[in-house]
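Have a look at the structure below, then the notes.
The values are calculated or read from the model by the stated rules, or taken from the named source; none is laboratory data. What you see is a predicted model, and the numbers here were worked out from it, not measured in a lab. So basically every Cβ, Gly included, is an ideal-geometry build from the backbone, and we count neighbours across all protein chains shown.
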Amino acid sequence: MTIFGESAGGASVCDQVASPTAKGLFQQGISVSGFYNYNVNTIWWPADCKSKLLSEAQAQKLGAKFAAKVGCGHAAHVAACLRAVPVNTLLEQAGQIENVGAGGAIGPIVNGTTLPMSAAEDFGAAVSTTSS
């Protein structure tokens, strides 16, 4: 089976093809206009096929920083606290366009299971082993 994705779906294709949890499901992947790191990662989250993704620990730190920013840093149930924050406050504090990490992690992460490495690293490793 061949999978296809455009824009965010294009970025997702790369991660699906690189994920060992999807091994054997796809013969090929077509990624069209996947997130591009416009202006060296200062506008959109690094999530395209050539990006080095954050680790789960890095993403957790960004999420904790954002939770603290909106008053949920010390809540017993952070998710419930975040759900209670007015939407306008969340949007104002996210600042995603000015600072890609301001609103927490909004893209795929390397978690050691679903993605043990970013697609770029996985594809690079595949090229290295086939050319050796």
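Pick out the one residue from Ala76, Ala59 that is modelled with pLDDT of 85 or more and either in contact with a strand residue (DSSP E or B) (Cβ under 7 Å, 6 or more places away or on another chain) or loosely packed, with under 15 Cβ neighbours inside 10 Å (or both). Give the derivation first.
Details: Ala59 fails: either in contact with a strand residue (DSSP E or B) (Cβ under 7 Å, 6 or more places away or on another chain) or loosely packed, with under 15 Cβ neighbours inside 10 Å (or both).
On inspection, the qualifying residue turns out to be Ala76.
Can you pull out every residue in segment 33-54 that is surrounded by fewer than 14 Cβ atoms within 10 Å (Cβ to Cβ) and either touching a helix residue (DSSP H, G or I) at 6+ places or on another chain (Cβ under 9 Å) or at pLDDT 90 or above (or both)?
Scanning segment 33-54 gives Ser33, Lys52.
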